[in-house]
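A.B. asks: Sharing a structure below in structure tokens format, with a few things to ask.
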Amino acid sequence: MNVHNNARLTPIGRERIVMQLASGLTPQAAARAAGVCPRTIRKWAARYAAEGVAGLWDRSSRPKRLYRPTPQAVIARIGELRRQRLTGKAIAQKTGVSPATVSRVLKRLGLNRLSALDPPAPVRRYEREHPGELIHIDIKKLGRFKRLGHRITGDRTGQSNHRGAGWEFVHVCIDDASRLAFAEIMPNEKKESAIAFLQAALAYYAKLGIEVERVMTDNGSCYRSKAFRQTCNASGLRQIFTRPYTPKTNGKAERFIQTSLREWAYAQAYPNSQHRAAELPIWLHRYNWHRPHGSLKSNPPISRLGLSEDNLLRLHS
């Protein structure tokens, strides 16, 4: 309902007053009760008689016809001068109109800020040349549940009785060049779980013939731990950290998490979190081997490995 901030009554209240007038209440009495003047009451009554309920809505205060509208030639000249990066006052001097008029015209043209004249910054994308040069690792926290949740059913009745189910942590990994992904559900986000996931991810990529060289993580305590760093060194990995408070640095992992939530975690009504966990490997296989990927020209990530037909049949399971 687009009612201005100082409105005394909404259209529903105005309709109620009109009904009171029809039952015999005088405009003066209705005005005193509503806190407005009798002239306003009579105006609403007249509009209701002419247009019905639609006549009780607020109307624009803009005049139907401008007394002296700015000529189109002047408007075009203002836009032309603005594209030469002149200020509003300089444009007003050259066109002979007031700075206030120039300001209104520039706002209408979408040129009230000089930044509007700058070309949009090109999207900066980076991608490693070969699979295994860099993998991105991240963690997503998901709540466990014992029955269908309110996200699916919309019913929060008895929700408090199912609290205490705890949390589970989805550790995800995605290869920068091929977009091949790997994920596992771990009990926590501590260094022991992070190390176990890293080792499982390296084994998964090794099975596909990918030798990982670098790993990028955020600045979480599990990744900053000495044990995780030692594991990276023992595996011949160079560890890279994202810039603090800049999630786009690890954008491929962040994007994969969004996709997994949409297509796996929240894609269907799981009866409990155990069923959801069982579906993860199935969805992950579909993501890597069959799902078209937008950044890969609608090819699945496995296509980036250049495997022969024999290897595809051997590894496809």
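The values are calculated or read from the model by the stated rules, or taken from the named source; none is laboratory data. For clarity, every value in this text was computed on a predicted model and none was experimentally measured. Note: ideal-geometry Cβ built from the backbone for every residue, glycine included; neighbour counts use all protein chains shown.
A.B. asks: Report those helices (runs of 4 or more DSSP H) wholly inside region 203-317 carrying at least 3 residues which are more than 16 Å from VAL170 (Cα to Cα).
C.D. replies: 226-234, 273-289, 309-315
A.B. asks: Let me ask something else about it. Answer yes or no: is there a residue in region 255-277 that is more than 22 Å from TYR204 (Cβ to Cβ) and basic (Lys, Arg). Walk me through how you get there before you give the answer.
C.D. replies: Taking region 255-277 and keeping what is more than 22 Å from TYR204 (Cβ to Cβ), we get 262, 266-275.
Narrowing the set further to residues that are basic (Lys, Arg) leaves 262.
Checking region 255-277: at least one residue is more than 22 Å from TYR204 (Cβ to Cβ) and basic (Lys, Arg).
A.B. asks: Being assigned by TED's automatic domain parsing to the domain that holds GLU279 and at pLDDT below 95 narrows it down to one residue among LYS207, LYS226; which is it?
C.D. replies: Of the residues listed, the single one that is assigned by TED's automatic domain parsing to the domain that holds GLU279 and at pLDDT below 95 is LYS207.
A.B. asks: Hey, does region 64-78 have a residue that's at pLDDT 90 or above and basic (Lys, Arg)?
C.D. replies: Looking for residues that are at pLDDT 90 or above and basic (Lys, Arg), one finds at least one in region 64-78, hence yes.
A.B. asks: What about ARG147, is it assigned by TED's automatic domain parsing to the domain that holds LYS190, in contact (Cβ under 8 Å) with a residue 24 or more places away in the chain and either part of a loop (DSSP other than H, G, I, E, B) or exposed (fewer than 15 other Cβ atoms within 10 Å of the Cβ) (or both)?
C.D. replies: Spelling it out, ARG147 is indeed assigned by TED's automatic domain parsing to the domain that holds LYS190, in contact (Cβ under 8 Å) with a residue 24 or more places away in the chain and either part of a loop (DSSP other than H, G, I, E, B) or exposed (fewer than 15 other Cβ atoms within 10 Å of the Cβ) (or both).
A.B. asks: Still on this structure: Taking region 57-79 as the search range and keeping residues that are without any contact (Cβ under 8 Å) to a residue 24 or more places away in the chain and of a type in the set (Ser, Thr, Tyr), which one is nearest to ILE91 (Cα to Cα)?
C.D. replies: TYR67
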